[in-house]
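Beneath this line is the structure, given in C-alpha cells, with notes to follow.
The values are calculated or read from the model by the stated rules, or taken from the named source; none is laboratory data. Only a predicted model underlies this, so the values are computations on that prediction, with no experimental measurement involved. FYI the Cβ positions are ideal-geometry reconstructions off the backbone, even for glycines, and counts take in every protein chain you see.
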Amino acid sequence: MSYAIIGFGKIGHALAKAFARNGIEVSVAATRDPASFASDAAAIGPGIIPKTLAEAVKADIIFLAVRFESHPEVAKALPNWKGKTIIDAMNTLAPLEELDGLPSSAVVAKAFTGAKLVKGFNHLIAATLATDPIVEGGHRVVFLSSDDGDATAPVAALAKQLGFAPVELGKLTEGGALVHARGRTWGQLIFQDLFKKEQ
C-alpha cells in the first residue's frame, strides 16, 4: 500500500509528522515544484518524499490537505481515480447554496471520478494533529465517514498504524454530518480532542 499527502501546508505537515513518527514512507506534493519544499520534507524525516502532483497521485491512499477551493485543480491530475482512496482532510465554511446543500465531502467525491472517498483527519487543528496521538495509554480519536461501504476499513487500519483511534461515523450525510460545516456552522465534533483507551 502506498500513501501520498497532497497539500503541504499546516495540515499536510502535521500528517507527514505522523507518518515520520511511525517510520511509514509517504509522498508529499503541492501545486509548486517539489524542490521548493524538499528541505521542509527532509526536516520532518527521511521517509517524507517530495514529489510532483503527477507522481504523488500514483499512490493507493491519498490525503487531500489543500484549500477546499483547490480540490478541483487536484482532481484534474487524473482522468479517472478508480482504485484510489481519497481521504478528505479539508474543511470549508462555504455557503450551502454553493455546495447544492450537500456535505462538502460529497462535492469532493463528485470531482474525483471513480475514487472511494473517506472524510477523516479534518476535525483536529493542525497543531494538535501534529503531536503524538498516544497519551497516557489513550489514543487520540480520528473520525471517519464514507458513502463507500468498504472504503473506511483500510483508512481505519492506517489510522491505527499512525497511532490514532479511528471511530467510524457512517455515511457522510448521517454521522458524517458531525464533522462537516453546514454553511457558517461547524459540526459538533469538529475541534473536539478526544481519546480512547485501548480495547
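What number goes with the only condition from (1) assigned to a helix (DSSP H, G or I); (2) touching a residue at least 40 places away in the same chain (Cβ under 8 Å); (3) touching a strand residue (DSSP E or B) at 6+ places or on another chain (Cβ under 9 Å) that residue 35 does not pass?
Among (1) assigned to a helix (DSSP H, G or I); (2) touching a residue at least 40 places away in the same chain (Cβ under 8 Å); (3) touching a strand residue (DSSP E or B) at 6+ places or on another chain (Cβ under 9 Å), residue 35 violates only (2).
Just for region 117-149: of the residues that are more than 15 Å from the chain's Cα centre (by Cα) and under 19 Å from residue 174 (Cβ atoms), which one is surrounded by the most Cβ atoms within 10 Å (Cβ to Cβ)?
147
Collect the residues in region 138-165 that are touching a residue at least 24 places away in the same chain (Cβ under 8 Å) and closer than 15 Å to residue 198 by Cα, keeping them in residue-number order.
If the condition is that a residue be touching a residue at least 24 places away in the same chain (Cβ under 8 Å) and closer than 15 Å to residue 198 by Cα, then 138, 139, 140, 141, 142, 159, 161, 162, 163, 164, 165 are the ones that fit.
Every residue, every condition in (1) at pLDDT 95 or above; (2) in contact with a Gly (Cβ under 6 Å, 6 or more places away or on another chain); (3) among the charged types (D, E, K, R), yes or no:
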{"position": "32", "(1), (2), (3)": "no, no, yes"}
{"position": "48", "(1), (2), (3)": "yes, no, no"}
{"position": "55", "(1), (2), (3)": "yes, no, yes"}
{"position": "72", "(1), (2), (3)": "yes, no, no"}
{"position": "81", "(1), (2), (3)": "yes, yes, no"}
{"position": "86", "(1), (2), (3)": "yes, no, no"}
{"position": "124", "(1), (2), (3)": "yes, no, no"}
{"position": "136", "(1), (2), (3)": "no, no, yes"}
{"position": "146", "(1), (2), (3)": "yes, no, no"}
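For residue 193, which of the numbered conditions (1) at pLDDT 95 or above; (2) over 17 Å from the mean Cα position of the chain (by Cα); (3) surrounded by fewer than 15 Cβ atoms within 10 Å (Cβ to Cβ) fails to hold?
That leaves (2) as the condition not met.
If you go through region 166-181 one residue at a time, do you hit one that is without any contact (Cβ under 8 Å) to a residue 40 or more places away in the chain and touching a Pro at 6+ places or on another chain (Cβ under 9 Å)?
No, region 166-181 contains no residue that is without any contact (Cβ under 8 Å) to a residue 40 or more places away in the chain and touching a Pro at 6+ places or on another chain (Cβ under 9 Å).
If residue 1 passes every condition in (1) touching a strand residue (DSSP E or B) at 6+ places or on another chain (Cβ under 8 Å); (2) not in a loop (DSSP other than H, G, I, E, B) but one, which one does it miss?
Among (1) touching a strand residue (DSSP E or B) at 6+ places or on another chain (Cβ under 8 Å); (2) not in a loop (DSSP other than H, G, I, E, B), the lone unmet condition for residue 1 is (2).
For region 52-66: of the residues being within 12 Å of the chain's Cα centre (by Cα) and of a type outside the set (Gly, Ala, Ser), which is surrounded by the fewest Cβ atoms within 10 Å (Cβ to Cβ)?
Once the filter is applied, the top-ranked residue is 61.
Quick one: is residue 152 buried (at least 21 other Cβ atoms within 10 Å of the Cβ) and either under 20 Å from residue 106 (Cα atoms) or at pLDDT below 95 (or both)?
It is true that residue 152 is buried (at least 21 other Cβ atoms within 10 Å of the Cβ) and either under 20 Å from residue 106 (Cα atoms) or at pLDDT below 95 (or both).
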